[in-house]
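A.B. asks: One structure coming up, written as structure tokens, with questions to follow.
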Amino acid sequence: GAVVSQHPSWVICKSGTSVKIECRSLDFQATTMFWYRQFPKQSLMLMATSNEGSKATYEQGVEKDKFLINHASLTLSTLTVTSAHPEDSSFYICSAVVNLANEQFFGPGTRLTVL
Amino acid sequence: GNSVTQMEGPVTLSEEAFLTINCTYTATGYPSLFWYVQYPGEGLQLLLKATKADDKGSNKGFEATYRKETTSFHLEKGSVQVSDSAVYFCALSSGGSNYKLTFGKGTLLTVNP
């Protein structure tokens, strides 16, 4: 089946620093990738939708200047959390699709802890 | 707006027990309904789906029926195995595609031998 990887799987950083998370589709080309955020014992919440070669579309309430998304190729999207603060600590999950009519394939997630 | 409410866990069962995880939803229009499973250390995987009322999704012994009258999509399995231990997420998408999934909070299932 289709495989999506995320790197790193976990990261700890100091408050005020920036952290980049990578999402890769390993065996297919993804025209669209999605970024989700999950708090403990909460639902996955869609943060943004990124399409290769264009600007990401952010969900209401998500700060686009804080969560920078770059979908530079058909197999790679990155999420950069800028000037991270403890409240940004969360589990970040990406998914990828060949096209919007197809199943989303999810990465294993990245645990971010901001001290 | 759309929302999904699913049974809070954790759920602990013995092998070969019957499983039900309840899921109800609120949505505009006619959503598609999904169950995803997340095994330890892995990404969410689509377990089954149903796209219209009275449809039954099934996979790996799991079943769920799209009940429009009760706005429910309960997950069932007649005889669980230790390998079924995972977190299960109910989800919906409106507009008839996988786009913009709305998830429940997830239910942790542990099956003991």
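A.B. asks: Within segment A:4-28, how many residues are surrounded by 16 or more Cβ atoms within 10 Å (Cβ to Cβ) and not in a strand (DSSP E or B)?
C.D. replies: Within segment A:4-28, residues that are surrounded by 16 or more Cβ atoms within 10 Å (Cβ to Cβ) and not in a strand (DSSP E or B) number 1.
A.B. asks: Between A:Thr31, A:Thr57, A:Thr75, A:Thr49, which is within 14 Å of chain B (Cβ to nearest Cβ), in contact with a Ser or Thr (Cβ under 6 Å, 6 or more places away or on another chain) and open to solvent by 40 Å² or more (accessible area, probe 1.4 Å)?
C.D. replies: Exactly one of A:Thr31, A:Thr57, A:Thr75, A:Thr49 is within 14 Å of chain B (Cβ to nearest Cβ), in contact with a Ser or Thr (Cβ under 6 Å, 6 or more places away or on another chain) and open to solvent by 40 Å² or more (accessible area, probe 1.4 Å), namely A:Thr57.
A.B. asks: Of all residues being within 14 Å of another protein chain (Cβ to nearest Cβ) and modelled with pLDDT of 90 or more in segment A:78-104, which is surrounded by the fewest Cβ atoms within 10 Å (Cβ to Cβ)? Just the residue, please.
C.D. replies: A:Phe91
A.B. asks: Give me the pairs, please: first residue somewhere in segment B:99-113 and under 10 Å from B:Glu8 (Cα atoms), second residue anywhere and assigned to a strand (DSSP E or B) and open to solvent by 50 Å² or more (accessible area, probe 1.4 Å), beta-carbon distance under 7 Å, and either six or more positions apart or on two chains.
C.D. replies: B:Gly104/B:Thr5
A.B. asks: To continue, here is another question. Name the residue, out of B:Thr5, B:Thr70, B:Thr51, B:Thr12, that is within 14 Å of chain A (Cβ to nearest Cβ), open to solvent by 70 Å² or more (accessible area, probe 1.4 Å) and modelled with pLDDT of 95 or more.
C.D. replies: B:Thr5
A.B. asks: Sticking with this one: Search segment B:9-31 for residues being more than 16 Å from the chain's Cα centre (by Cα) and not in a loop (DSSP other than H, G, I, E, B), and hand back the single one that is farthest from B:Val87 (Cα to Cα).
C.D. replies: B:Ser14
A.B. asks: Further question on the same structure: Just a yes or no: is a residue in segment A:57-68 in contact with a strand residue (DSSP E or B) (Cβ under 9 Å, 6 or more places away or on another chain) and under 17 Å from A:Val4 (Cα atoms)?
C.D. replies: No.
A.B. asks: Sticking with this one: Would you say B:Gly96 is open to solvent by 10 Å² or more (accessible area, probe 1.4 Å), at pLDDT below 95 and touching a strand residue (DSSP E or B) at 6+ places or on another chain (Cβ under 7 Å)?
C.D. replies: Against the criterion (open to solvent by 10 Å² or more (accessible area, probe 1.4 Å), at pLDDT below 95 and touching a strand residue (DSSP E or B) at 6+ places or on another chain (Cβ under 7 Å)), B:Gly96 qualifies.
A.B. asks: Looking only at segment B:32-42, which residues are modelled with pLDDT of 90 or more and in a loop (DSSP other than H, G, I, E, B)?
C.D. replies: Hit for segment B:32-42 is B:Tyr39, nothing else.
A.B. asks: Quick one: would you say B:Ala64 is in a loop (DSSP other than H, G, I, E, B) and open to solvent by less than 50 Å² (accessible area, probe 1.4 Å)?
C.D. replies: no
The values are calculated or read from the model by the stated rules, or taken from the named source; none is laboratory data. Note that the structure is predicted; figures quoted are calculated from it, not measured. Every residue, glycine as well, gets a Cβ built from its backbone with ideal geometry; the counts of neighbours run over all protein chains shown. Please note that ligands, DNA and RNA were not included when accessible areas were found on the heavy atoms of the full protein model with its side chains. Shrake-Rupley method; radii C 1.70, N 1.55, O 1.52, S 1.80 Å.
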